[in-house]
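Working notes, structure below.
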Amino acid sequence: MSQHPFYYKAKSPSNIAFIKYWGKKNTQEPINPSMSMTLENCYTLTELTVLAGQEDIKVDFFLDGMMNEKFQLRVIKYIKSLGEKYPVLNHCHFKIETSNTFPHSSGIASSASGFSALALCLGAFLKDQGILNDSVSSLARLGSGSACRSLVSPFAFWGNSDEVIGSSDEEAIEFPCEAMPELSDIIFLLETKEKSHSSSLGHEEMNFHPYKKVRIEQVKRRIKELKSAFSKGDFSSLGKIIEEEALELHALMMTSPHPFWLMSPETLNLMNYIKELRIGGLDAFFTLDAGANLHLISLKKDQDKIIEKVKEKFPAINFIKDSQGQAGHLLV
Ligand code: PMV
């Protein structure tokens, strides 16, 4: 009997964490809460075609029109893990066609946009089957932790915290931003080749990290400060927290049981220059994800002025102009 295929299309952005998720427990739950800004211009578009009622599971995965075996294996693992709760998924043929507006595996969270876009499509399929009983954010979390935050905007909070009402380890919720003016993120592409260590390896290092306890305490303190900065619209205090988090993330990598480092000399040069810009009176702060690329966070109104300044100093630098944006959503 031939079945008609189901078709879905989703658009979902990347996000940049102000408080970093680093280390896991249980089933992809975070050892500490994290908070992020959802982006506007760095996003993934994903189309999913599903043929249900098949004998077994089959996944064809295309990135920018090309079959990609590495991602295909990760996606099969992900769908099979969802299949434990939703066995219907073990009897489908999936065709996944996906593209990003930015380079993948370079420290811009393509796994966040990619898995959140895929979770939106799979969630819609499960809903059409009448069996969805999880939030899409929690489905996305099982693919990549940070992906659960891309489904909330403009600011997302994930992880249990007494400081944030309704927060949970299962899914992301909106972080209140009463008084903060609109924010910008200028992403400087200092290295676009694949990074040497995946986030997954970094998360594992936290299991036996000598500073694990200290890390969890530091985040607790910063969440209090973050709440206060957002409620007062105090961008300078937010900037301080953002930089502390970026430096601590990379310090944790360097002090891991198996140390590694992802910053490049260009990252450090730009970090130094951002300090100079601040001395010159511009409110600009850096953050880093698990990679060498640098995210420069400022108020949206200062974005063009800052780009001009950085280009004066580093004329050949490549960057993506971004800002706080809309959460991932279905298009079809
Ligand atoms: O979601 P993952 O497993 O790719 O981990 C993301 C980790 C960081 O990007 C470094 C921090 C974060 O909270 O996004």
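The values are calculated or read from the model by the stated rules, or taken from the named source; none is laboratory data. All values derive from a computational prediction rather than experimental measurement. Cβ atoms come from the backbone with ideal geometry, glycine included; neighbour counts cover every protein chain shown. SASA here: full protein model, heavy atoms, side chains in, ligands and nucleic acids out. Shrake-Rupley method; radii C 1.70, N 1.55, O 1.52, S 1.80 Å.
Details
- Largest first, the extents of the alpha carbon coordinates of the stretch 216-282 on the three principal axes equal 40, 33, 11 Å.
- The aspartates and glutamates within cross-link reach of Lys309, meaning a Cα-to-Cα straight distance under 13 Å and a gap of 8 or more places when in the same chain, are Glu276, Asp283.
- Entries in Lys24/Lys80; Lys24/Lys193; Lys20/Lys305; Lys9/Lys213 that, when Cα-Cα distance is taken, lie over 32 Å: Lys9/Lys213
- Rounded FRET efficiency, nearest 0.05, which uses the C-beta distance separating His258 from Leu331 and R0 of 41 Å: 0.45
- The chain, relative contact order in percent, only Cα pairs under 8 angstrom and at least six apart counted: 25
- The Cα-based radius of gyration of the stretch 37-89, divided by its Kirkwood radius, gives an Rg/Rh of 1.03.
- Given 15 as the ceiling on other Cβ atoms within 10 Å, longest exposed-site-free region of the chain for chymotrypsin sites (Phe, Trp or Tyr not before Pro) in DSSP loops: 1-210
- Anisotropy class of the stretch 172-241 from Cα gyration tensor, a/c 1.5 cut: oblate
- Over the stretch 164-302, relative contact order from alpha-carbon pairs under 8 Å, at least 6 apart, %: 37
- Relative contact order [Cα under 8 Å, 6+ residues apart], the stretch 271-323, whole percent: 22
- Split the accessible area of the stretch 275-332 by element, probe 1.4 Å, and carbon with sulfur accounts for 51%.
- For the chain, a crude dipole built from +1 on the beta carbon of Lys and Arg and -1 on the beta carbon of Asp and Glu, taken about the Cα centre, is about 320 debye to the nearest 20.
- Per residue accessible area in Å² of the stretch 150-309, where ligands, DNA and RNA are left out and the probe is 1.4 Å: 46
- Of Lys11/Lys300; Lys58/Lys85; Lys127/Lys220; Lys227/Lys301; Lys25/Lys227; Lys227/Lys275, those spanning more than 27 Å from alpha-carbon to alpha-carbon: Lys127/Lys220
- Computed in the context of the full set of protein chains, the accessible area of the stretch 8-99 at 1.4 Å probe radius has 52% of its extent on carbon or sulfur.
- As an equivalent ellipsoid, the chain spans semi-axes of 34, 21, 19 angstrom, where each value is the square root of five times an eigenvalue of the C-alpha gyration tensor, largest first.
- For the pair Leu45 and Asn133 in one chain, pulling the backbone fully straight at 0.36 nm per residue adds 29.2 nm over the alpha carbon distance.
- Expressed as a whole percent, the accessible area of the stretch 110-268 that falls on carbon and sulfur atoms is 54 (1.4 Å probe).
- Kirkwood-type hydrodynamic radius, the stretch 97-255: 17.6 Å, calculated from all non-identical alpha-carbon pairs.
- Based on DSSP H segments of at least four residues, each scored -39500 (n - 2.57), the chain has a per-residue ellipticity at 222 nm of -11500 deg cm²/dmol.
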